[in-house]
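What follows is a short report on a single structure.
The values are calculated or read from the model by the stated rules, or taken from the named source; none is laboratory data. Here the structure is a predicted model, which is why all the values come from computation and not from measurement. Heads up, the Cβs are rebuilt from the backbone with ideal geometry, glycines too, and the neighbour counts pull from every protein chain shown.
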Amino acid sequence: MSTLPRWVLLPALLGALFVLLPLTAMASRVRWANVGALLTSEASLSALRLSVQTSATSALACVLVGVPMSVLLARAEFRGLSLLRSLVLLPLVLPPVVGGIALLYTFGRQGLLGRHLEVLGLEIAFSTTAVVLAQTFVALPFLVISLEGALRTAGTRYEVTAASLGAGPSRVLLGVTLPLVLPSLLSGTVLAFARALGEFGATITFAGSLQGTTRTLPLEIYLQRESDPEAAVALSFLLMIVAVVVIAVARRRVSA
Amino acid sequence: MSLQLRARVPERGVELDLAVADGQTLALIGPNGAGKSTVLSLVSGALRPGTGRVELDGQLLAGEHSWTPPHQRRVTTLSQDPVLFPHLTARRNVMYPLRSQGVPRARSRDEAEQWLAELGLMELAERRPAQLSGGQAQRVAIARALAADPRLLLLDEPMAALDIDVASALRAQLRRFLTDRTAIIVTHDVLDALTLADCLAVLEDGRIIEQGPTQELLSTPRSAFTARFAGLNLLTGRWQDGAVVLADGTRLPATGPHPPGRRLHAAFRPSAVRLAPVGGIRRTVTGLLPHGDLVRVRTEDLAADLSPQEIAEHRLEPGSPVLLAVPRGSVTTYEA
């Protein structure tokens, strides 16, 4: 600490203030007397329930496909690997609305896959499944980027050793590779969950805003802002609390 | 479990022909970059040979159209870094190879316990690797490697990271485990070769330049590297009138008889070399190094262990001329 120049303190404090001040400003507008009623209204409860359910499902989907993706990106060697990595991380920099449109042209009724799925009686666009797909689309890179980095840092020497002791590839992956990067896997999953929880652009584009089916908490907040600003503030505050809890739990788990 | 290795790795400039007989331990020595780790990689399966074949116990591990993945070779590597799995206790580390080979949990536990007891590690069984000292961790790694019951054990400078006392205790234990096992040990330490290995192979520039029983190779070395490894001076010349005559005309008296003009190696200990009052071998000091209670004086092509008094008396320092003599009886001569 003593080697730090003192002047870094000022911009650092400004930055912290820049994050905390708006949150405080919002919290100060919460009418505490009405909060209970606002938060327990049917619309709020159903949005909250939907948000938590879809985000948890998305986080799970991210783990199921993100872990194999990270392992491949970190360990496999083939031509076009770095290109593939850039493409996979694209949703990080893509505006979510664009992601939503892309999903629509894939899974929508006229979409690339949607056309054929509709024949089978599967309609994805504007359903809860669409919400999960939209959230997974934007959240996946968060898990992949944190897990791939951890795998690269961990290196391959434990894996080589495990193989020399007679362990097959699956046993090495599940018994050595993944346990060693468990903290990063957990924090990556939490990041993905948090990103899914806040998803707005892709969801409204691809899944629409049907109460109880696709209207997640961020969408509900955006709608309420027009009709009932007080409710919007209360819901925002709620989302903030959920986010803080998630981060706190994740940090505790990771550092433990 | 005999090993046959005949392989070329063109991109590393390595071309090898190497065999280890069943139950034998081969010490692999050579300068850095000579290809020692390439040998280990070829056998462990970390590297595919460009051409050639690796055979263990008659089973083809690697060949033209054949490849056995590392985990199916039953070849286990023990390096200077124990590489214990940090998320598992010492006991679970030792259980790992057993569980990997399908041994049921309870039996794995018992067997791991036996190995831990064998290496005097029972009190440490529940510790994580982070709570072990370097020597303890290396012993756990040995227990784990032995629990894998490898057909061939590869030891890559297993004692290099340990301090001398720990290393010698460990060497004694390893010696016991290696008696009836087939193993290759890569080492820079002549003690490892002498105590652990039945035979020795010397690698230089990707080729094996010498190979044979350890004692024989170390007492009659044929290459500069082997001589230095054995701590001997090695000079080469032709036999003439009771002496080996070097290329520069220097005469090194030795016991014969040999046919005149025969090319010979002459090996002798640096401690046998004396300062000569007159005549003797004329050399220039290139370096001085403490060596026990003596000082090792290096010259162009030979080394002498002299007392500090002699060094001071003759004011020897790099660049000084020096006259040396080697008693006839201390020189071993053999055909080059």
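Some observations on this one:
- Pair list, Cβ under 8 Å, 6 or more apart: region B:108-125 residue over 16 Å from B:ALA141 (Cβ atoms) and assigned by TED's automatic domain parsing to the domain that holds B:ASP149, other residue among the basic types (Lys, Arg) and at pLDDT 95 or above: B:SER108/B:ARG99; B:ARG109/B:ARG91; B:GLU113/B:ARG91
- Tallying residues that are at pLDDT 90 or above and among the charged types (D, E, K, R) within region B:229-250 yields 1.
- Taken over region B:168-178, the criterion of being touching a residue at least 24 places away in the same chain (Cβ under 8 Å) and either surrounded by fewer than 17 Cβ atoms within 10 Å (Cβ to Cβ) or at positive phi (or both) is satisfied by B:ALA169, B:GLN173.
- Verdict on A:LEU104 being surrounded by fewer than 20 Cβ atoms within 10 Å (Cβ to Cβ) and not β-branched (Val, Ile, Thr): no
- Residues that are of a type in the set (S, T, N, Q) and more than 10 Å from chain A (Cβ to nearest Cβ), drawn from region B:42-88: B:THR51, B:GLN59, B:SER66, B:THR68, B:GLN80
- Being surrounded by 17 or more Cβ atoms within 10 Å (Cβ to Cβ) and either hydroxyl-bearing (Ser, Thr, Tyr) or modelled with pLDDT of 95 or more (or both) is a description that applies to B:THR68.
- Residue in region B:266-281 that is at positive phi and outside the structural domain of B:THR25 (by TED's automatic domain parsing) present: yes
- Scanning region B:314-336 for residues that are outside any strand (DSSP E or B) and over 14 Å from B:ARG274 (Cα atoms) turns up B:ARG315, B:GLU317, B:PRO318, B:GLY319, B:SER320, B:ALA336.
- Close contacts from region A:137-157, counting a first residue that is free of Cβ contacts under 8 Å to residues at least 24 places away in the same chain and a second that is surrounded by fewer than 24 Cβ atoms within 10 Å (Cβ to Cβ), with Cβ to Cβ under 6 Å and a gap of 6+ residues or different chains, come to A:ARG157/B:VAL83.
- Hey, B:ALA34 assigned to a loop (DSSP other than H, G, I, E, B) and over 30 Å from B:LEU132 (Cα atoms) or not: yes
- A:ALA167 being within 14 Å of another protein chain (Cβ to nearest Cβ), surrounded by 23 or more Cβ atoms within 10 Å (Cβ to Cβ), at pLDDT 90 or above and not in a helix (DSSP H, G or I): yes
- Looking across region A:1-31, the residues that are exposed (fewer than 10 other Cβ atoms within 10 Å of the Cβ), at pLDDT below 90 and among the aliphatic types (A, V, I, L, M) come down to A:MET1, A:LEU4.
- Looking only at residues in region A:123-164 that are within 14 Å of another protein chain (Cβ to nearest Cβ) and among the polar types (S, T, N, Q), the one that is nearest to the chain's Cα centre (by Cα) is A:THR153.
- The listed residue being at pLDDT below 95 and touching a Pro at 6+ places or on another chain (Cβ under 6 Å), out of B:GLY50, B:GLY63: B:GLY50
- Options A:ARG75, A:ARG85, A:ARG79: the member that is among the charged types (D, E, K, R), under 20 Å from the mean Cα position of the chain (by Cα) and more than 24 Å from A:SER209 (Cβ to Cβ): A:ARG85
- Any chance B:VAL39 is away from chain A (no Cβ under 14 Å), in a helix (DSSP H, G or I) and surrounded by 15 or more Cβ atoms within 10 Å (Cβ to Cβ): yes
- Pairs linking a residue in region B:141-167 that is modelled with pLDDT of 90 or more to a residue that is in a loop (DSSP other than H, G, I, E, B) and of a type in the set (Lys, Arg), with Cβ atoms under 6 Å and 6 or more positions apart or on different chains, are B:PRO150/B:ARG74; B:ARG151/B:ARG74; B:LEU153/B:ARG181.
- Of all the residues in region B:89-129, those that are part of a loop (DSSP other than H, G, I, E, B) and either in contact with a His (Cβ under 9 Å, 6 or more places away or on another chain) or away from chain A (no Cβ under 12 Å) (or both) number 9.
- Positions within region B:247-261 being over 11 Å from B:THR333 (Cα atoms) and either of a type outside the set (S, T, N, Q) or not assigned by TED's automatic domain parsing to the domain that holds B:THR236 (or both), in sequence order: B:ALA247, B:ASP248, B:GLY249, B:ARG251, B:PRO259, B:PRO260, B:GLY261
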